[in-house]
């Protein structure tokens, strides 16, 4: 599944230090624009190094974004600017954890890179290799402790973090799986769509008979995709039909390679004792807590360490609650702090 990784090459373009009084032997916090190369693609990112003593090796974490064209900060410009990963980096700074976040394929300065002329060849394993290269690059930095590395992933990025946890060297000391994709992709899509049709029926927009027909068409569409057959969209609402049409053609390779991963099965490769935080928000319509049950059980069988699964009351998929619509909810920050403690 994984190909040979190209060597990661550091290019430090800029250093921006946060204001701090000059203290002998203290290096102020700084963000650095960096670039590393994987599979012929220059991948751009931000390395954040908290304030530290000169020569000190810090704990460090790679931050992995969710699905779609989500950039290093957790945004999908111009439509969505939640700064999810940038805010996670800020939270980890308070525990003196250095972080690397990067523009994955199709986003930011990285763009499609080597896949520019054949985007249909881009599959999920390519994103895993890119994340692995980021981990290896972070491991080799003079400010980081190679034996105290972590991976923090949000949504689809959490599934990628779980894969890295069982494959990279040295193995990470901890994984933070924030609102993770914890079941197969197309099963999760079907679950979300069934919930939407049920709500439409509850509101009187659909009859029970229409709901049944749409639900059956959704399940048939998932089966057709997995069997590499054209999807019959006749009984699907236009928006749902467009979604399944988008899963075919140039996107089919990525969708099916992502769907091939069953996250609970990957937990067995974790080193026993690996610290794992798995969060689920009670207001998360995209990844309901119940979807993490099998993964939680698999982590237990793999003898993963705590904190384990942490339900987040009132928290949505973007880590917000009603009182904090633009910043991580206090419950999220508390969970991250527990995870980041030594």
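The values are calculated or read from the model by the stated rules, or taken from the named source; none is laboratory data. These figures come from a predicted structure and were not determined experimentally. Every residue, glycine as well, gets a Cβ built from its backbone with ideal geometry; the counts of neighbours run over all protein chains shown.
Taking region 113-137, which residues are over 17 Å from the mean Cα position of the chain (by Cα) and either part of a helix (DSSP H, G or I) or surrounded by 15 or more Cβ atoms within 10 Å (Cβ to Cβ) (or both)? Across region 113-137, the qualifying residues are 113, 114, 115, 119, 120, 121, 122, 136, 137.
Quick one: would you say residue 272 is at negative phi, part of a strand (DSSP E or B) and surrounded by fewer than 20 Cβ atoms within 10 Å (Cβ to Cβ)?
Working: at negative phi: yes; part of a strand (DSSP E or B): no; surrounded by fewer than 20 Cβ atoms within 10 Å (Cβ to Cβ): yes.
Criteria not met by residue 272.
Right, residue 161: under 28 Å from residue 225 (Cα atoms) and either crowded, with 21+ Cβ neighbours inside 10 Å or outside the structural domain of residue 300 (by TED's automatic domain parsing) (or both) or not? When the stated conditions are applied, residue 161 passes them.
With touching a helix residue (DSSP H, G or I) at 6+ places or on another chain (Cβ under 6 Å), at pLDDT below 95 and either surrounded by 12 or more Cβ atoms within 10 Å (Cβ to Cβ) or within 28 Å of residue 247 (Cβ to Cβ) (or both) as the only criterion, which of 5, 100 stands out?
Details: 100 fails: at pLDDT below 95.
Among 5, 100, only 5 is touching a helix residue (DSSP H, G or I) at 6+ places or on another chain (Cβ under 6 Å), at pLDDT below 95 and either surrounded by 12 or more Cβ atoms within 10 Å (Cβ to Cβ) or within 28 Å of residue 247 (Cβ to Cβ) (or both).
Considering region 199-218, the residues that are touching a helix residue (DSSP H, G or I) at 6+ places or on another chain (Cβ under 7 Å) and surrounded by 13 or more Cβ atoms within 10 Å (Cβ to Cβ) include one that is nearest to residue 66 (Cα to Cα), namely 218. Residues in region 69-90 that are over 16 Å from residue 178 (Cα atoms) and surrounded by fewer than 20 Cβ atoms within 10 Å (Cβ to Cβ): 69, 76, 77, 78, 79, 80, 81.
Among the listed residues 295, 336, 319, identify the single one that is crowded, with 20+ Cβ neighbours inside 10 Å and under 30 Å from residue 228 (Cα atoms). Don't jump to the end; show me each part of the working.
Values: 336 fails: under 30 Å from residue 228 (Cα atoms); 319 fails: under 30 Å from residue 228 (Cα atoms).
Going through 295, 336, 319 in turn, just one is crowded, with 20+ Cβ neighbours inside 10 Å and under 30 Å from residue 228 (Cα atoms): 295.
Can you find a residue that is in the same structural domain as residue 166 (by TED's automatic domain parsing), out of contact with any helix residue (DSSP H, G or I) (no Cβ under 9 Å at 6 or more places or on another chain) and either surrounded by 15 or more Cβ atoms within 10 Å (Cβ to Cβ) or at pLDDT below 95 (or both) anywhere in region 243-252? Write out each step before concluding.
Of region 243-252, the ones in the same structural domain as residue 166 (by TED's automatic domain parsing) are none.
Looking through region 243-252, none of the residues is in the same structural domain as residue 166 (by TED's automatic domain parsing), out of contact with any helix residue (DSSP H, G or I) (no Cβ under 9 Å at 6 or more places or on another chain) and either surrounded by 15 or more Cβ atoms within 10 Å (Cβ to Cβ) or at pLDDT below 95 (or both).
Pairs meeting the criteria (first residue in region 70-90 and closer than 20 Å to residue 150 by Cβ, second residue loosely packed, with under 15 Cβ neighbours inside 10 Å and modelled with pLDDT of 95 or more, beta carbons under 6 Å, at least 6 apart or on different chains) are lacking.
Specify which of the listed residues (311, 328) is modelled with pLDDT of 95 or more and either not in a loop (DSSP other than H, G, I, E, B) or not assigned by TED's automatic domain parsing to the domain that holds residue 174 (or both). Working first, answer last.
Working: 328 fails: either not in a loop (DSSP other than H, G, I, E, B) or not assigned by TED's automatic domain parsing to the domain that holds residue 174 (or both).
Just a single option satisfies the conditions, and that option is 311.
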